[in-house]
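The values are calculated or read from the model by the stated rules, or taken from the named source; none is laboratory data. As the structure is a prediction and not an experimental result, all values here were calculated from the model. Here the Cβ positions follow ideal geometry from the backbone for every residue, glycine too, while neighbour counts run over all protein chains shown.
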Amino acid sequence: MLKTAKFGGSSVSSAEQFRKVKAIIDEDDSRRIVVVSAAGKRSSADHKLTDLLYLCHAHLTYGVSCEEIFNSICQRFIEIRDDLGLSYRVEEELEALKRHLNKDISVDYLVSRGEYLTSRLMAEYIGFHFVDASECIFMNYDGTFDTAGIAIAVKKALSEFGKIVIPGFYGSLPGGKIKVMSRGGSDITGALAAAAAGADVYENWTDVSGILMADPRIVQNPRPISRITYAELRELAFMGASVLHEESVLPVKEAGIALNIRNTNASSDCGTMIVPSIGKEDPEDERFITGIAGRRNFDIITVRSRNMRVNQSLRQALEIFEHYKVNTEHITLGLDSFAVVASAAQIGEDLYNICSELQKTLRADDVQIQEGIALVAAVGRKMTFRPGISGKLFQALGREGVNIKTIAQGSDELSIIIGVDNSQYETAVRVLYESFAG
Ligand code: ASP
């Protein structure tokens, strides 16, 4: 068994957090690849080292001294090192870096030092070998990854050293220059390393006990999702749930590796296990909804025409939406009408232009707009096998006076999506959760 464990910024923000990480590593010998973020916030008033490093660079660009910020960064590393009784000479690294602090320093190099130094300290503390991301996470100029090169380098390091720590968030370009990923990129490093090594599980350790079944700002204490498929996760993320970024899931999803989201501060919680597939029989869990997510602010544009030739009219309508760079979320079709749901933010100022073009091009009798629509999705792989689910959903919503404006079911029956007035959004989420998930 081989596990790759990635620890996020809050999991490595202080010596105390480092101790938790060590306890997690020590308790399972299969955690042999560890990926580390830069130290994050210790409290809500604190700052992430990555933010401070970007701030240093901004000061340098404008010719303002960054000494104070830089010293506070040094302080964080020294504090962690001393508290844990480590010997790594972090001052020497920081002194060398300080000598290069001028407006020409590469922002990517400077910012990557957050992950680099945090990982150096972690490697010494847990007794793993440090492998620089510049030597195993290879990036192409176009922003993609050289996955074949990464696989060779990670496997080689693993077989040579047995247990390794890799800094997250950065890698190197073909010429060797350091390049950082998008913010939160350590998740990607973890997934790449797990896929490269053919790990059995990619553990993503953070400060929550997994993905919640609904937005905690709407539903009080929603349960965490214990198991979910990659396909369900994608639906939930698409519908607005804040889960891991698609890019950071892709390498493990493609390799068929399970992804386990865990909480460093509650390490005995099982978290959320994301897997390629779950068999029909799932005796552990009776609920047929995996999660609920939604987004506000959509428009429904309904086109009516007595002489509608469906294919032609739909094609023309979609071309108009495409021209205005608006993605259609859903289309419902009637005999003499169809309705398109699209995000109001994407439609923007073009609403009336779109409607008048629809009217003219399709020679429609009528084009109507309903604004302020929220979409709520109930996502669940088990819905496929149970007849009457939508009936029950609508009954529950009806009882609470939620007026449904539009309905769509994903073609793979993974989700049922309803459109309600923005003002009924929270009620709809709560009713669905309480009736089917809680
Ligand atoms: N430290 C980087 C950030 O704050 C990357 C990461 O934490 O994943 O975005």
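Collect the residues in region 260-281 that are more than 20 Å from the chain's Cα centre (by Cα), over 20 Å from Arg223 (Cβ atoms) and either in contact (Cβ under 8 Å) with a residue 24 or more places away in the chain or in a strand (DSSP E or B) (or both), keeping them in residue-number order.
Correct list: Lys280 only.
Assess whether Glu235 counts as being of a type in the set (D, E, K, R), over 30 Å from Ala157 (Cβ atoms) and away from the ligand (no atom under 15 Å from the Cβ).
yes
Tell me which residues, restricted to region 298-347, are assigned to a helix (DSSP H, G or I) and under 19 Å from Gly240 (Cα atoms).
Hits for region 298-347 are Ala344, Ala345, Gln346, Ile347.
Run Ile178 past the list (1) among the aliphatic types (A, V, I, L, M); (2) away from the ligand (no atom under 15 Å from the Cβ); (3) farther than 24 Å from Ser11 by Cα and report the number of the one that doesn't hold.
Against the list (1) among the aliphatic types (A, V, I, L, M); (2) away from the ligand (no atom under 15 Å from the Cβ); (3) farther than 24 Å from Ser11 by Cα, Ile178 comes up short only on (2).
Within the set of pairs 6 or more residues apart or between chains, which connect a residue that is touching a residue at least 12 places away in the same chain (Cβ under 8 Å) and more than 16 Å from Lys6 (Cα to Cα) inside region 106-129 to a residue that is assigned to a helix (DSSP H, G or I) and more than 16 Å from the ligand (Cβ to nearest atom) with Cβ atoms less than 7 Å apart?
Taking only residues 6 or more apart or on different chains, the pairs are Arg113/Leu97.
Starting from residues that are in a helix (DSSP H, G or I) and surrounded by fewer than 19 Cβ atoms within 10 Å (Cβ to Cβ), keep the ones in region 31-56 and report whichever is nearest to the ligand (Cβ to nearest atom).
It comes out as Asp51.
For region 199-209, what are the residues that are away from the ligand (no atom under 13 Å from the Cβ), surrounded by fewer than 24 Cβ atoms within 10 Å (Cβ to Cβ) and assigned to a loop (DSSP other than H, G, I, E, B)?
Asp200, Val208, Ser209
Could you tell me how many of the residues in region 163-175 are part of a loop (DSSP other than H, G, I, E, B) and either touching a strand residue (DSSP E or B) at 6+ places or on another chain (Cβ under 9 Å) or within 16 Å of the ligand (Cβ to nearest atom) (or both)?
Initially, region 163-175 is screened for residues part of a loop (DSSP other than H, G, I, E, B), giving 163, 168-169, 173-175.
Cutting the leftovers down to either touching a strand residue (DSSP E or B) at 6+ places or on another chain (Cβ under 9 Å) or within 16 Å of the ligand (Cβ to nearest atom) (or both) gives us 163, 168-169, 173-174.
Residues that pass the stated criteria total 5.
Is region 176-198 home to any residue that is among the polar types (S, T, N, Q), in a helix (DSSP H, G or I), in contact with a helix residue (DSSP H, G or I) (Cβ under 9 Å, 6 or more places away or on another chain) and at pLDDT 95 or above? Explain how you work it out, then say what you get.
First, pick out the residues of region 176-198 that are among the polar types (S, T, N, Q): 182, 186, 189.
Checking which are in a helix (DSSP H, G or I) leaves us with 186, 189.
Still in the running and in contact with a helix residue (DSSP H, G or I) (Cβ under 9 Å, 6 or more places away or on another chain): 186, 189.
Right, trim to at pLDDT 95 or above and you get 186, 189.
Yes, there is a match, as at least one residue in region 176-198 is among the polar types (S, T, N, Q), in a helix (DSSP H, G or I), in contact with a helix residue (DSSP H, G or I) (Cβ under 9 Å, 6 or more places away or on another chain) and at pLDDT 95 or above.
Could you please tell me which pairs satisfy a Cβ distance under 8 Å, a separation of 6+ or placement on different chains, a first residue in region 146-175 that is at positive phi, and a second residue that is of a type in the set (Ser, Thr, Tyr)?
Short answer, once both residue conditions are applied: Phe169/Ser37; Phe169/Thr50; Phe169/Ser112; Phe169/Ser186; Phe169/Thr189.
Please specify each residue of region 70-90 satisfying the condition of being surrounded by fewer than 19 Cβ atoms within 10 Å (Cβ to Cβ) and either within 17 Å of Lys48 (Cβ to Cβ) or free of Cβ contacts under 8 Å to residues at least 12 places away in the same chain (or both).
Asn71, Ser72, Cys74, Gln75, Glu79, Asp82, Gly85, Arg89
Taking the stated definitions as given, is Ile225 more than 16 Å from the ligand (Cβ to nearest atom) and buried (at least 24 other Cβ atoms within 10 Å of the Cβ)?
Criteria met by Ile225.
Any idea which residue in region 124-161 is farthest from Val111 (Cα to Cα), counting only those that are part of a helix (DSSP H, G or I) and among the polar types (S, T, N, Q)? Give the derivation first.
So in region 124-161, the residues part of a helix (DSSP H, G or I) come out as 124-126, 133-135, 147-161.
Now narrow it down to the ones that are among the polar types (S, T, N, Q): 134, 147, 159.
Working: Ser134: 14, Thr147: 23, Ser159: 30 Å.
Checking each candidate, the answer is Ser159.
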